[in-house]
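Here is the structure we will look at.
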Amino acid sequence: MLGKFVTTAAIAAALLVPLDMSAASALPPAGSCANGDFRWTVADGAIDMTPHALTFTSVGVLRDCTGGTGGITGGTFTGTHIAMSDCMRPADGPITVDVLWSDGETSKLWGPWPVTMQQPTIGTLDVVDGLGQGSKVRITADYEMMTPAMIGGCLGPGVRTGVGRLSAATFQ
C-alpha cells in the first residue's frame, strides 16, 4: 500500500554495493554494511488516494560496515526521490543519495528506484561521484508499511513520513 516510501532508504544502501569494478583505482575494495535505518518525509505534500508527483527526502545511518577503504565502519546519508505516488500504487522515479562515510569520504548515488508493493525493495544505483565513482551499487531496503498510522493517513489527511531498514548492502 505504501511502497513508495522505500525510495530514499534504498538509495543509501546502494552506496555500499558496487557491482561493476571496471573503474580501477577510484573504486573501493570489497566491503559491506550489515544494517542501517532511515526516515523518509514527503517534502511537498502527503501521500493520499490521489496520484500526484511528490518529492521525498530521507536521512539515515549505515552501521557495521567492514572491508572497503580507510577503515570505514559506517556512515550517514541523505536522499531525494521524485515520483508519482498514491496510497494504492508504488512510486518509481529517480533518486539521488549523498553518503558521508565514517572516514570522511563521500559518495553520490543516482538512478531509478523501483518501489513495488512487495517488500523488500531491491535496486541498483550508479555511483556518480566520490568514493566508488563509476561503479554500481545494489541496495535492499524494507519500508515499514501497513501500520495503523499509515492506513489512517491514507484514509484521511495523507501520509507525510515513515521509517525503514537497510540490509544486504555489499561491495562486489
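The values are calculated or read from the model by the stated rules, or taken from the named source; none is laboratory data. What you see is a predicted model; the values in this text were computed from it and never measured. Methodologically, a virtual Cβ is constructed for each residue, glycine included, from the backbone with ideal geometry; neighbour enumeration extends over all protein chains shown. All accessible areas refer to the heavy atoms of the entire protein, side chains included, with ligands and DNA or RNA removed. Shrake-Rupley method; radii C 1.70, N 1.55, O 1.52, S 1.80 Å.
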*How many residues are small (Gly, Ala, Ser) and touching an Asp or Glu at 6+ places or on another chain (Cβ under 8 Å) when one looks only at the stretch 64-86?*
5
*Matching residues in the stretch 150-167 - criterion: being among the hydrophobic types (A, V, I, L, M, F, W, C), within 20 Å of residue 43 (Cβ to Cβ) and either part of a loop (DSSP other than H, G, I, E, B) or at pLDDT 90 or above (or both)*: 154, 159, 163
*Could you give every pair whose Cβ atoms fall below 6 Å, whose first residue belongs to the stretch 109-128 and is closer than 18 Å to residue 85 by Cα, and whose second residue is open to solvent by 10 Å² or more (accessible area, probe 1.4 Å) and not in a strand (DSSP E or B), counting only separations of at least 6 or pairs across chains?*
115/90; 116/90; 117/90
*Take residue 148 and decide whether it is surrounded by fewer than 19 Cβ atoms within 10 Å (Cβ to Cβ) and touching a residue at least 60 places away in the same chain (Cβ under 8 Å).*
no
_Filtered residue count, the stretch 103-118, keeping only those that are at pLDDT below 85 and crowded, with 19+ Cβ neighbours inside 10 Å_ = 1
*Complete set of residues in the stretch 81-96 that are closer than 23 Å to residue 156 by Cβ and open to solvent by less than 10 Å² (accessible area, probe 1.4 Å)*: 83, 85, 86, 87, 91
_Being surrounded by 16 or more Cβ atoms within 10 Å (Cβ to Cβ), modelled with pLDDT of 75 or more and of a type outside the set (D, E, K, R) is true for just one of 73, 66, 41, 78. Which residue is that?_
78
_Pairs needed: first member in the stretch 56-83, touching a residue at least 60 places away in the same chain (Cβ under 8 Å); second member anywhere, assigned to a loop (DSSP other than H, G, I, E, B); C-beta distance under 6 Å; at least 6 residues apart or different chains._
62/74; 67/30; 68/28; 69/28; 75/102; 83/91
*Count of the stretch 119-142 residues which are open to solvent by less than 70 Å² (accessible area, probe 1.4 Å) and within 14 Å of the chain's Cα centre (by Cα)*: 13
*How many of the residues making up the stretch 111-136 are more than 28 Å from residue 160 (Cα to Cα) and among the aliphatic types (A, V, I, L, M)?*
3
_Being under 14 Å from residue 127 (Cα atoms) and touching a residue at least 40 places away in the same chain (Cβ under 8 Å) is the filter here; which residues of the stretch 84-103 pass it?_
95, 96, 97, 99
